[in-house]
1. What is the magnitude of the charge dipole of the chain about its Cα centre, with +1 placed on the Cβ of each Lys and Arg, -1 on the Cβ of each Asp and Glu, and no other charges, expressed in debye to the nearest 20?
2. Can you give the extra length, in nm with one decimal, that the chain gains between residue 192 and residue 48 once fully stretched, where that is 0.36 nm per residue apart less the Cα-Cα distance?
3. If you fit an axis through the alpha-carbon atoms of helix 79-88 and take the longest principal axis of the Cα set of the chain, what angle between them do you get, 0 to 90°, nearest 10?
4. Within region 27-69, report the trypsin sites (Lys or Arg not before Pro) that DSSP leaves as loop and that have at most 12 other Cβ atoms within 10 Å.
5. Cut-off 10 angstrom, C-alpha nodes, Gaussian network model of the chain. Which of 185, 47, 39 fluctuates the most?
6. When only Cα pairs under 8 Å and 6 or more residues apart are kept, what is the percent relative contact order across the chain?
7. Going by the alpha-carbon gyration tensor, a ≥ b ≥ c the square roots of its eigenvalues, is region 1-57 rounded (a/c under 1.5) or, if a/c is not under 1.5, prolate (a/b greater than b/c) versus oblate?
8. Probe of 1.4 angstrom, ligands and nucleic acids ignored: what's the accessible area per residue over region 160-228, in square angstrom?
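The values are calculated or read from the model by the stated rules, or taken from the named source; none is laboratory data. Treat the numbers as computed from the prediction; the structure is a model and nothing was measured. Heads up, the Cβs are rebuilt from the backbone with ideal geometry, glycines too, and the neighbour counts pull from every protein chain shown. These area figures cover heavy atoms from the full protein model, side chains too; ligands, DNA and RNA do not enter into them. Shrake-Rupley method; radii C 1.70, N 1.55, O 1.52, S 1.80 Å.
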Amino acid sequence: MDIYGLEKLSLVDYEGMMCATVFTGGCNFNCPFCHNAGLIRKEVDKLDTKDVLNYLGERKRLLDAVTVSGGEPTLEEGLADFIKQVKCMGYKVKLDTNGTRPEVLKNLIEQNLLDYVAMDIKNNFEDYAPITGVCFNWVDRVKESLRILKDSNVNYELRTTLVKEYHKMNNILQLSEDLKGEKVLYLQKFVDSGNINQAGLSEIDKETAKKYQEILQKNVEKVVLRGY
């Protein structure tokens, strides 16, 4: 598996766990607000996978888990093999994904390779395509990944990064209907890292985010503001 980044210790990527976070490169989305634009374009040097595995092996008494993020990890052909090696070290594994490759997600779950999944829900389903920055509408695949997660025994969360230019009141009202019956949704604060795909995007203020939270809580069991 091609690895383009390693955060050796994170206390926020896997809640309740001390974890290392591995970053893959490339993505089938080109979201305007993506804070990992350099990874998407593979503008950083690859790391030696053996070196990363060696590091994880040396730290297995100090760390609890490994988060595999990106980019979009499910594009990597060697993803399952990498996770198997990590699991053999005794780590729990969390996967960050945009949900566009349900067949990969299903395979990983069936092999008992995942302990937790964080799946992005970019917007309400009707308005999904514009926010992804690509012409192809992936929403049916995202819905299928959502169904797979709901039918599995894997713990998961959904997360939506709030961007003023894309998340208006009508989007949130429809998103609430789209996610009816879901257990956990995190509303994340957009932060301009200085390396995003589109300049000039704006964060949503905390007061508005709280209003969105109240609307979504009518249909989603737990809605949490993250970063506010």
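1. The calculated dipole for the chain is roughly 440 debye.
2. 48.9 nm
3. Computed tilt is about 60 degrees.
4. The qualifying sites are 46, 61.
5. It is 47.
6. Relative contact order, the chain: 19 percent.
7. It is oblate, given that a/c is not under 1.5 and a/b is not larger than b/c.
8. Per-residue accessible area for region 160-228 comes out at 54 Å².
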